[in-house]
Amino acid sequence: MKLLEGAIIIAAMLVPFWAIKSYDMTTYLYWTAVTAAYLIYITIKRW
Amino acid sequence: MNVFLYAFAGYVVLGTVIALMAMKGLRTQEEYYIAGRKVSGVVSALTYAATTYSAFMMVGLVGLSYASGVGALGFELFYLVGTLFLLSYYAPKVWEMAKEKGYITPGDMIAERYGREVAVVMSVIATVALIPYLSVQLIGVGLILDKTSAMSFSYGIAASAILIALWAFLGGLRGVAWTDAIQGVFMLLMAIAAIYWVHCNGFADKDFFAEVTRLGELLVVPNSVWTPVKFVSLTLPWFFFALTNPQVFQRLYIPKDRASLRRMVILFGFFGLIYTVIVTLIGLELRTMTEIGAFPRVEDRDAVTPTLLGLMPPLLGAAISLSIFAAAITTANSIVLTLSSMLSRDLFGSERVGTGRVIIVLLTFAIALFAYSRPNYIVELSVLSSTILLAQLPLILGIFHFKGGAKIAGISTLLAGFTTAVVLSFAKFSPLGIPAAVWTFLVSFVVFFAASRLGI
């Protein structure tokens, strides 16, 4: 389960390398949003 | 006397008073090195953040974002999600084990599983890896202070070295944690002040989101700077930083209870996200300002922040310079304290606090000497530190996931990883196009599993 979580977060962080090609702040905002979402997940989940 | 020196004098007095207050009752190594495992979640989070985020953030990362674009944010946030991922799983286990078995250094955990000799080798490798890294911190701060006319290079090195040794010597981890907490808040506030000033000066009458499109390929990855190979070679060692760097690993021992440990990890995550976003945004805004003619073009990326400081009002420039100084000190004194615990306890087998204090002074002297002499290879060694420390990863993961592996497996893993990192980096050799960090990672794990299968 933890390995799956790791694989998902790494895959999500790698998305801009193949899927985002717009010359604006999309990549910047995407990475910030993914990290913030993961941080919120860590905050609310039991561990 | 310039504004910086007034602020610096206040900073020295405040930090020294705090370190003196923290001195009370520091009789045992448990009190001295891990504050008796009684640190609150908030202070633990701030010392974790201040230890992790060095002068690299406001100097190196601002310049890296300016020169290479959005990939710098990806690199730094990869570190952050890696740390959150690892800590949310391993931190409670490490904390429980440390409390139950009385661990003080990262080496104590390694020694119990693999034998004391492995902890000895680990303490030596960690010291070799981290001394150049620390020296580069001092060099960076010395250059910033020199370029902004706050203090000469030599005085900057001397002042940094004295404060690093003094606050760790007096207050141990309690003093370092308390001073880190205050400085961590100050670092964040000054980063907010810096982005506010940059934005007001560059984009008061312009739309940043419209102007930033001028940066072209700097807004996507991969680009000519952030190739996939470069991204992996920089990111891999940092992804595992929370487990491989002893100064942050030892901080997993310090929270007073499980709730404080959890609070430490979560608050650190918020600190890291906010700080990283601000710092990289400063770099991107300054680069956009360069493209529209509102900020000079800076070819040397390490000169971006000094150039910015030179354009700011003196009071703000002095405050931000001081926050950069604080960032270097908080990282350096935490590393020096952890290394002194590893050398005195793991290498020399001493149970005395006094031994650690002597080592703090000697280590700081060596770091300052390195920084003064500025040998050509020091930057390469510094960059190499996180790659070298990757060699410990199989041993740390082995404690939780693998039953095999003993003394020979431990020593051979550390030596093979260390040798791979040093040889490939100095020879600038990437077999099959694979970077040194990946080879170090692979070789360490292969050696560990091979030796473990042999039962040695």
Acute angle (nearest 10 degrees) that the helix B:3-22 long axis makes with the longest principal axis of chain B, alpha-carbon atoms
20 degrees
Output the peptides B:270-276, A:9-15, B:400-406 sorted from most to least packed, where packing is the average of other Cβ atoms within 10 Å over each peptide's residues.
B:270-276, A:9-15, B:400-406
In chain A, if every C-alpha pair distance is counted and binned at 5 Å from zero, what percent goes to each bin?
5, 19, 25, 24, 13, 9, 4, 1
Straight-line reach from B:K403: which lysines have a Cα under 23 Å away, not including same-chain ones fewer than 8 places off?
A:K2, B:K93, B:K99, B:K101
Across every pair of different alpha-carbon atoms, what Kirkwood hydrodynamic radius in Å does the range B:36-159 reach?
17.7 Å
Distance from the range B:37-88 to the range B:99-147 (C-alpha centre basis), Å
18 Å
D for the range B:306-456, whole µm²/s, Stokes-Einstein with Kirkwood Rh over alpha-carbon pairs at 25 °C and 0.890 mPa s: what number?
133 µm²/s
Counting partner chain Cβ atoms within 10 Å of every residue's Cβ in B:78-86, what's the average?
5
Per-residue Cβ counts within 10 Å, from other chains only, averaged over B:258-270: what number is that?
2
Go ahead and estimate [θ] at 222 nm for the protein assembly as shown from helices alone: -39,500 (n - 2.57) per DSSP H run with n ≥ 4, summed, over the residue count, rounded to 500.
-25500 deg cm²/dmol
State, in angstrom, two size descriptors of the protein assembly as shown derived from its alpha carbons: Rg to one decimal place and Dmax to the nearest whole number.
21.8, 69
Spatially proximal aspartates and glutamates relative to A:K45 (Cα-Cα < 19 Å; intrachain offsets below 8 disregarded):
A:E5, B:D257
Give the long-range amide H neighbours of B:V39: residues separated by 5 or more places, or on another chain, with amide H under 5 Å away, using H modelled in the peptide plane at 1.01 Å from N.
B:K256
Mind checking the range B:281-369 for trypsin sites (Lys or Arg not before Pro) that DSSP puts in a loop (not H, G, I, E or B) and that have at most 16 other Cβ atoms within 10 Å?
B:R297, B:R352
Chain B: D in µm²/s via Stokes-Einstein (Kirkwood Rh, Cα pairs, 25 °C, 0.890 mPa s)?
110 µm²/s
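Count, for each residue of A:39-47, the Cβ atoms from other chains sitting within 10 Å of its Cβ, then give me the mean as a whole number.
5
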Residues B:V265, B:V277 arranged by fewest to most Cβ contacts within 10 Å
B:V277, B:V265
Reachable aspartates and glutamates, given that their alpha-carbon falls under 18 Å from the alpha-carbon of A:K21 and they are not under 8 places away in the same chain
B:E211, B:E217
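Read-outs: derived from the displayed coordinates by stated rules, not from any lab. Since the model is a prediction, treat every value here as computed from it, not as a measurement. In this analysis, Cβ positions are derived from the backbone assuming ideal geometry, glycine residues included, and neighbour counts consider all displayed protein chains.
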